[in-house]
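Novice: Quick one: structure below, then a few questions.
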Amino acid sequence: NAGVMQNPRHLVRRRGQEARLRCSPMKGHSHVYWYRQLPEEGLKFMVYLQKENIIDESGMPKERFSAEFPKEGPSILRIQQVVRGDSAAYFCASSAGLLNEQFFGPGTRLTVL
Amino acid sequence: GENVEQHPSTLSVQEGDSAVIKCTYSDSASNYFPWYKQELGKRPQLIIDIRSNVGEKKDQRIAVTLNKTAKHFSLHITETQPEDSAVYFCAASSNQGGKLIFGQGTELSVKP
């Protein structure tokens, strides 16, 4: 049973470009969460999605950030017009249901030049 | 708002000693409390969790205790080994949201 998959593992973008981060949950999991980890800091919740629905986006910056989890395919976190402050590790986690264990993917390390 | 405080931020112990990390939470609706271990450059890995209907849970050298009245929970690692060295994060969640609110992390160093 494959774990949570994320790609790319490393992503380098120049200021103003777009970043697309992908997450495939564990088989049988329909709940996806995105967290951001700044260097030397803890994990901050960004958004919680189920298939075709955004359940909670209270941790998402109001501008430039969006997320989706379509009926088919991976969940995508999209960052438009990246700035240096967006440099961080972005982790996706999945669970089988509300309050079930969340299992994390390997993360995408975004570097903005 | 929801908040989880974690202490200490760094902890250094000798191999074989015990290590204790403490967390407090603010949201009284929280009812699920996992602990994650994160090695440098790796993903957070769930090591143990506890739900609000239980006061203590143990898994080999790792135990977690929960005091709902005081809104705090603790991780206990006994007979520490060098491979226990990592950053440990506590978190809290409620069935009103599902999202995990993380503590700031504790960097544990176990010296051989």
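The values are calculated or read from the model by the stated rules, or taken from the named source; none is laboratory data. What you see is a predicted model; the values in this text were computed from it and never measured. For neighbour counting, all protein chains shown are included, and Cβ atoms are generated from backbone atoms with ideal geometry for every residue, glycine included. In case anyone asks, the SASA skips ligands and DNA or RNA and just uses the protein heavy atoms, side chains included. Shrake-Rupley method; radii C 1.70, N 1.55, O 1.52, S 1.80 Å.
Novice: For B:LYS99, which of the numbered conditions (1) within 21 Å of A:TRP34 (Cα to Cα); (2) in contact (Cβ under 8 Å) with a residue 40 or more places away in the chain fails to hold?
Specialist: (2)
Novice: Restricting to the stretch A:76-113, give me the number of residues that are surrounded by 19 or more Cβ atoms within 10 Å (Cβ to Cβ), within 9 Å of chain B (Cβ to nearest Cβ) and not in a strand (DSSP E or B).
Specialist: Selection size over the stretch A:76-113: 3.
Novice: Separate question: Could you list all residues from the stretch B:82-112 that are outside any strand (DSSP E or B) and open to solvent by less than 60 Å² (accessible area, probe 1.4 Å)?
Specialist: If the condition is that a residue be outside any strand (DSSP E or B) and open to solvent by less than 60 Å² (accessible area, probe 1.4 Å), then B:PRO82, B:ASP84, B:SER85, B:SER94, B:GLY97, B:GLY98, B:LYS99, B:LEU100, B:GLY103, B:GLY105 are the ones that fit.
Novice: Is one or more of the residues making up the stretch B:85-96 among the hydrophobic types (A, V, I, L, M, F, W, C), over 18 Å from B:LYS57 (Cβ atoms) and modelled with pLDDT of 95 or more?
Specialist: Yes - at least one qualifying residue is present in the stretch B:85-96.
Novice: If we scan the stretch A:3-26, do we find a residue that is over 24 Å from B:VAL4 (Cα atoms), modelled with pLDDT under 95 and within 12 Å of chain B (Cβ to nearest Cβ)?
Specialist: Yes, because at least one residue in the stretch A:3-26 is over 24 Å from B:VAL4 (Cα atoms), modelled with pLDDT under 95 and within 12 Å of chain B (Cβ to nearest Cβ).
Novice: Limited to the stretch B:5-55, what total is found for residues that are assigned to a strand (DSSP E or B), within 9 Å of another protein chain (Cβ to nearest Cβ) and crowded, with 17+ Cβ neighbours inside 10 Å?
Specialist: 6
Novice: Taking only pairs six or more apart or across chains, which ones have beta-carbon atoms under 7 Å, a first residue in the stretch B:57-73 that is more than 16 Å from B:TYR32 (Cβ to Cβ), and a second residue that is open to solvent by 80 Å² or more (accessible area, probe 1.4 Å)?
Specialist: That search, which allows pairs on different chains as well, returns B:ARG61/B:GLU79; B:ALA63/B:GLU56; B:ALA63/B:LYS57.
Novice: Which one is farthest from the chain's Cα centre (by Cα), of the residues in the stretch B:41-56 that are closer than 30 Å to A:ALA88 by Cβ and touching a residue at least 12 places away in the same chain (Cβ under 8 Å)?
Specialist: For the stretch B:41-56, the residue satisfying everything is B:PRO44.
Novice: Looking only at residues in the stretch A:24-75 that are in a strand (DSSP E or B) and acidic (Asp, Glu), which one is most open to solvent (accessible area, probe 1.4 Å)?
Specialist: Here the answer is A:GLU68.
Novice: When the stretch B:56-78 is examined, which residues are found to be outside any loop (DSSP other than H, G, I, E, B) and more than 21 Å from B:HIS7 (Cβ to Cβ)?
Specialist: B:LYS58, B:ASP59, listed by residue number.
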